[in-house]
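Here's the structure we're looking at; comments come further down.
The values are calculated or read from the model by the stated rules, or taken from the named source; none is laboratory data. Just so you know, these numbers come straight off a predicted model, no measurement behind them. Neighbour counts run over all protein chains shown; Cβ positions are idealised from the backbone, glycine included.
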Amino acid sequence: MAAAVIRKENESKVAPWLRTMRDTARNLQAPDMHFRKLSDKQKRIIAGEISGLPVRLFAVVSNKRNMRQHNNKYARKVSGHKHWFYWWVTRLLLERVTDFCADRNKLDGTPDRKLQIEFSRRKDLRLDDFTDYFTRLWAQRGNEVLSKRRINWSVFDFQKVYFFDHRNRAGLQFADVVASSFYQAVNIHPHGRCCGDYAIMLEPRIHRNSNGKAVNEGFTIWPHSLSGLGLSEDQKAVFRHYGYPENRLTD
């Protein structure tokens, strides 16, 4: 999953940015852009264009190999819906996004600014499910079971969460570029390789903390250790590039 964070004052510029980069990449056949469907040349143009824009990017990569046959009965019972894992990964993403926005509020002297959250609409995802999951987190604040990271509620507003059709929001198409770039960096394609070039090209806009660290900030891997998975050198490339510890990559 991925997010593209854009300042409110730049919101009116996002659609023109998208039109310009699609013109440059000659991607005008469809009303909206899906990064995975582009040619390699087009992907490089789009990733390069986004890397120069005033946006901040976040990606969460979840390893599902170790989840096969796993059934978290408690999570399913508490959540009451089948997409509890989707909202769990959303939580990981928003923990980092809300921290970034809260830090920006401190720097800019705008303590009352809130984050507007926009999801790409899917028929099996509902706003009610999001609200249910995050209301439970809000009620547990200060007493979380997992407390290493938390949602920064100072920038969170339940009234500012929306679902839009992918084609109608340029910002969602930016987020798609990020999610697809990191997916292609770690997922083995039918031809037996993967390509981390696009994810690496996005580096100038991937969020880093005040110490310059991207791992577990703008680029999060869950679970944190990837040892024992037999990753190929192609797969390891993007993790190494962003500073992922070598001892967590080796078998």
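Miscellaneous remarks
- For region 107-160, the candidate set comprises residues that are of a type in the set (Gly, Ala, Ser) and touching a helix residue (DSSP H, G or I) at 6+ places or on another chain (Cβ under 6 Å); within that set, the residue that is nearest to Trp84 (Cα to Cα) is Ser120.
- Number of residues in region 40-77 that are hydroxyl-bearing (Ser, Thr, Tyr) and at pLDDT below 95: the value is 2.
- Only residues that are in contact with a Ser or Thr (Cβ under 6 Å, 6 or more places away or on another chain) and not in a helix (DSSP H, G or I) were counted across region 237-249, and they come to 0.
- Test: Leu115 is under 30 Å from Ile200 (Cα atoms) and touching a Leu at 6+ places or on another chain (Cβ under 9 Å): yes
- Residue in region 165-176 that is modelled with pLDDT of 90 or more, within 16 Å of Val89 (Cβ to Cβ), part of a helix (DSSP H, G or I) and not basic (Lys, Arg) present: yes
- Residue within region 6-22 that is in a loop (DSSP other than H, G, I, E, B) and closer than 30 Å to Asp108 by Cβ present: yes
- Within region 175-199, being more than 16 Å from the chain's Cα centre (by Cα) and aliphatic (A, V, I, L, M) holds for one residue alone: Ile188.
- Residues located in region 201-236, provided they are assigned to a loop (DSSP other than H, G, I, E, B), in contact with a Gly (Cβ under 8 Å, 6 or more places away or on another chain) and either farther than 14 Å from Arg56 by Cβ or touching a residue at least 60 places away in the same chain (Cβ under 8 Å) (or both): His207, Lys213
- Single residue of region 141-167 satisfying the filter (surrounded by fewer than 13 Cβ atoms within 10 Å (Cβ to Cβ) and polar (S, T, N, Q)) that is nearest to Asp32 (Cα to Cα): Gln159
- Scanning region 115-137 turns up one or more residues that are exposed (fewer than 12 other Cβ atoms within 10 Å of the Cβ) and among the polar types (S, T, N, Q).
- Unique match (being among the aliphatic types (A, V, I, L, M) and farther than 18 Å from Ala47 by Cα) among Ile221, Ile206: Ile221
- Candidates Leu229, Leu202, Leu172, filtered to the one that is aliphatic (A, V, I, L, M) and either more than 14 Å from the chain's Cα centre (by Cα) or under 28 Å from Gln140 (Cα atoms) (or both): Leu229
- Single residue of region 122-164 satisfying the filter (basic (Lys, Arg) and at pLDDT below 90) that is nearest to Met1 (Cα to Cα): Arg122
- Across region 201-229, the number of residues qualifying as buried (at least 17 other Cβ atoms within 10 Å of the Cβ) and among the aromatic types (Phe, Trp, Tyr) comes to 1.
- Residue within region 186-193 that is part of a loop (DSSP other than H, G, I, E, B) and among the charged types (D, E, K, R) present: yes
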